[in-house]
There are 2 protein chains.
Amino acid sequence: MIDSAAHPRPSPYRVEDHLRQILKLLEKHRLVETLVDRDRASPRHELIESLVHRQHLVELQLKLRSLHPADIAYILEALPLEDRLLVWRQMPDDQGGEVLLEVSDAVRDSLIEVLDRPALVKMLSQLDADDLADLAEAITEDVLAEVLQTLNARDRDWLQTTLAYPEDQVGHRMSQDILTVRESQRVEQVLWLLRGREELPPNTDCLFVVDARHLFKGVLPLPALLLNDPQKHIAELMITNPVLFGPTDNADEAARAFERYDLISAPVINDRGKLVGRLTVDEVMDYIREESEEDVLNMAGLRGDEDLFAPIWDSARNRWLWLGVNLCTAFIASRAIGLFENAIAQIVALATLMPIIAGIGGNSGNQTTALVVRGLALGEITPENTWHLVFKELGVGLLNGLVWGVTVGLFAYLLYWNLPLGEVMAAAMVLNLLLAALMGVAIPLTLHHLGRDPAMGSSVLLTFITDGMGFFIFLGLATVFLL
Amino acid sequence: MIDSAAHPRPSPYRVEDHLRQILKLLEKHRLVETLVDRDRASPRHELIESLVHRQHLVELQLKLRSLHPADIAYILEALPLEDRLLVWRQMPDDQGGEVLLEVSDAVRDSLIEVLDRPALVKMLSQLDADDLADLAEAITEDVLAEVLQTLNARDRDWLQTTLAYPEDQVGHRMSQDILTVRESQRVEQVLWLLRGREELPPNTDCLFVVDARHLFKGVLPLPALLLNDPQKHIAELMITNPVLFGPTDNADEAARAFERYDLISAPVINDRGKLVGRLTVDEVMDYIREESEEDVLNMAGLRGDEDLFAPIWDSARNRWLWLGVNLCTAFIASRAIGLFENAIAQIVALATLMPIIAGIGGNSGNQTTALVVRGLALGEITPENTWHLVFKELGVGLLNGLVWGVTVGLFAYLLYWNLPLGEVMAAAMVLNLLLAALMGVAIPLTLHHLGRDPAMGSSVLLTFITDGMGFFIFLGLATVFLL
């Protein structure tokens, strides 16, 4: 629950309203600048500019103060670069760090870039160790070292421990906000201890039970404290076999466990059974969102997260890797055509028809690939069922090949009144769709076995094969049967 | 927290272990069947078969009993159809309903299909009204009517109310499990009332405060009950301006609000200020996962959710819509080539080079589309910033067009020692990438404005334009400048 500005009927829509208000403020601000630009010489205008200017900026600062950091993050992401930086410069230091936590990676980089080092260190030193761990990759080593100095010894240790785990492991994402109790305590003792605190860590749905050596014993759901007799012992109420994670567990699988068992928080236990941290649903939800967005962008051939309003140069570079790969594969596919220039010179219709074979092969293969990428993401594809999947996809490919092959064959026949041409077209379609089915399964599985993200580039590789081989099969069959 | 089978070190990996154990059981089961098949005649074999058979099935049932419904759902999804139905038939009635709740839509259909009506009704009558609401779309009207008879009047009303809201509205996804308190009550009274209950509804992080007419007043976080003096009044402790939703609010925006403000549960209030339901994080997390998967599948041209092991015929049909659309667009694009058969007959190299222009245009446009689809999903694209986005993407397109245009132009020149051909190639690349950038923004935005899912088919439409126009531009320029 969050304390947001009082509204008669607050709703999720209001964040767009805030964006609109800020856009209006920025517009007024720009209008003044344009007016002044027109008449630079007059000192009176300069005075007015600086006054009106300042008034708008104060208004902007007040507006920002009233917003939740996550709302500010959303607004910054939706603003074109110039406006974004104007708003960002008005951000109070004590809010800036929280906002950096909430924005997407690409936008975060654009915000950090314009801060000088002291300002950045000041902002970051407002955050706790868990939050700093989330930001650590975005800042340079020396800034991180400087911020570490501002932490106490315990927080510094914690930060260094979590940063030692790779990004896709649970240890990197766990938090140190843990409330522990002992088995031997009674409910009333725990209640009394809790009352001494001002608040509980966010997402606390249970307390963790440990022994004197901090070995994990179980979890005590908060409702158990509320629903039971205050005289009962924690040992009677705790759950001794909850879902728990190790710090080196894969974050993907942890996220799936949170979804599967509807968890709010879960303990992280090291190999010796010691409680080392806590994983919470908000962190998991962010992770799921990040990963699924990454899949969509990767499948389309973007290298990484891209800011919607990134500078043109940055955007272009983010896309070059896969465009470059695509260019190479397109060259190779085009050489497959080059082999048959003689056939094309004799039957020009081949050039007209060949993109149909290649295009539908690519589309059909991509359908298979999307299904396999999702199956891998959900952990549903195992060595035992892979062959079933291959045979099923080959079956679908054969069926689709026959249906669409006959269709395009008929089309070619009607267009050119050439029956053998139609037959070659149909046969090429069947073969290319079978190939597309096979490759649609094989490419993401191979990438997965090589430890790569199966979404990454599988579409470009697949299209390369369905294009190149599509041209080759069609023109090859045509050379054999039509010339 | 879930009570799972006691393990020395339970971890998220164990669900795959369960799958492996079940696969082993199924393999033994099949082995027996094969042995018996070989020697059908002997009555002794039949006896053995039925004994061993039964033993395996009992083992399977015991195994299933020990598993969480979400784990069974995962296992069913990962099993090929035949094995899946074998396992499903061993499912105890009291677990079956929960499993249906957890499996994906496509797999759910395959499970419901094989149940006769009395078995289905029996399974469903084990579920509460909230769960039935989630399943309602998967079952026929008359089964639903029959299950409604087994509910009490209050649950029946509730089910009919929630089902009246469309699937993408909050009202469809809210639950009726609400704990309410009054402003005038003291903490100790509330604690006393809670102790009378056996458990709290899942995902209860706060109680809702209402007045005598059930008008919503605020929320009371559970920790407030634990941390404060038992003599305090609820009115002093409640939060009066929490994030709340209306039943007709868009589920997408509600999901984003949950992520943004890290909510566990939130009240749903109708227009007159009455508390009507509760939205919880587990429902929201499922929604986010479903939607993002749907985006990935839709962008690849699958009509809906598809079971990894669906029968070939069902799978093929699920893909026909977009393959059919693709076929039509490919025909039209191929006619663009047909217009220039004369040019190709004179310069066969044109046929070899044209797929490069079309392919890179498609790839580049898809990068833009993916970015816009994501921006729309996050609500970051507004009428105010659309032009910024268009200009930025045109800028990227121009830059990429120049870089890759010169590259392919040089390649064409070196391959055919024909400078004008290289120049035409470069010019066509620049024009097609500009077009791809424009369409990459325009297509998803138009689909969005028409109230359609921008991911749905935008890739097929885009490829149509970059292919068709790519061929047209390249061959047109060649006709003008090279013939």
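Observations on the model:
- For segment A:53-98, convex hull of alpha carbons as volume per residue, Å³: 68
- Residue (of A:TYR165, A:ASN400, A:HIS18) at the positive-pole extreme of chain A, dipole from beta-carbon charges: A:ASN400
- Cα principal axis extents for segment B:180-299, largest first, Å: 58, 30, 24
- Pseudo-label separations to other copies for A:ASP17 - Cα-to-Cβ vector, 7 Å, nm: 5.3
- Extreme residue, positive dipole direction of the protein assembly as shown, given options B:THR204, A:VAL441, A:CYS328 (C-beta unit charges): A:CYS328
- This model, with +1 at the C-beta of Lys and Arg and -1 at the C-beta of Asp and Glu, gives segment A:214-359 a dipole about its Cα centre of some 360 debye.
- Cα-derived Rg over Rh, computed across segment B:296-435 with Rh taken as Kirkwood radius: 1.07
- Rounded D (µm²/s) - the protein assembly as shown, Kirkwood Rh over Cα pairs, Stokes-Einstein at 4 °C, 1.567 mPa s: 42
- Kirkwood estimate for segment A:14-169, i.e. one over the average of 1/r between Cα atoms, Å: 17.3
- The peptide list B:243-253, A:194-204, put in order of mean Cβ contacts within 10 Å with the highest first, becomes B:243-253, A:194-204.
- Distances between placed amide hydrogens fall under 5 Å for B:GLY218 paired with B:VAL209, all partners being 5 or more residues away or on another chain.
- Straightening the chain between A:LEU483 and A:ARG213 buys 88.8 nm, computed as 0.36 nm per residue apart minus the Cα-Cα spacing.
- For residues of A:71-79, the mean tally of beta carbons on other chains within 10 Å: 3
- Shown in residue order for segment B:430-443 are the 3J(HN,Hα) couplings computed by the Karplus curve 6.51 cos²θ - 1.76 cosθ + 1.60 at θ = phi - 60°: 4, 4, 5, 6, 5, 4, 4, 5, 4, 6, x, 7, 5, 5 Hz (x for Gly and Pro).
- Among the residues of A:402-409, the average count of other protein chain beta-carbon atoms within 10 Å of the residue beta-carbon is 2.
- Pairwise FRET efficiency - B:ARG452 versus A:LEU450, Cβ, R0 = 45 Å, nearest 0.05: 0.75
- In the assembly of identical copies, B:GLY304 has its label point, taken 7 Å from Cα in the direction of the beta carbon, separated from the corresponding points by 4.0 nm (ascending, one decimal).
- Counted by Cβ distance under 11 Å from A:SER364, the other residues give a net charge of 0, where Lys and Arg count +1 and Asp and Glu count -1.
- One chain, two ends: B:GLU341 and B:ARG89. Fully extended at 0.36 nm per residue, the span grows by 84.6 nm beyond their Cα-Cα distance.
- Shown here is the pair-distance distribution of segment B:288-350: with all Cα-Cα distances grouped in 10 Å bins from zero up to the longest one, the shares run 19, 31, 21, 17, 11, 1 percent.
- Tail beyond 43 Å, pair distance distribution of chain A (Cα, percent): 39
- For A:TYR165, A:TYR74, order by how many other beta-carbon atoms lie within 10 Å, fewest first: A:TYR165, A:TYR74
- For chain B, the number of Lys pairs separated by eight or more positions or lying on different chains, with C-alpha atoms closer than 19 Å, is 4.
- Residue by residue along A:278-284, Cβ atoms of other protein chains within 10 Å of the local Cβ number 3 on average.
- A simple spin-label model places the labels of A:GLU137 and A:ASP314 1.6 nm from each other, with each point 7 Å out along Cα-to-Cβ.
- Sorted into 5 angstrom bins from 0, the C-alpha pair distances of segment A:122-197 split as 3, 13, 23, 17, 12, 10, 11, 7, 3, 1 percent.
- Diffusion constant of segment A:240-350 at 20 °C, which comes from Stokes-Einstein with the Kirkwood Cα-pair radius and 1.002 mPa s, µm²/s: 115
- The label point for A:GLN61 and the one for A:ASP229, both projected 7 Å from the Cα toward the Cβ, are 6.1 nm apart.
- Rounded to the nearest 20, the Cβ-based charge dipole of the protein assembly as shown about its Cα centre (Lys and Arg +1, Asp and Glu -1) stands at 860 debye.
- For segment A:137-171, backbone nitrogen atoms closer than 18 Å to the point 7 Å from A:ASN270 Cα along Cα-to-C-beta are found at A:153-166, A:169-171.
Read-outs throughout are calculated quantities, based only on the coordinates presented, and are distinct from any laboratory measurement. From a predicted model like this one, the values you see are computed outputs, not experimental measurements. Virtual Cβ from ideal backbone geometry, glycine too; neighbours counted across all protein chains shown.
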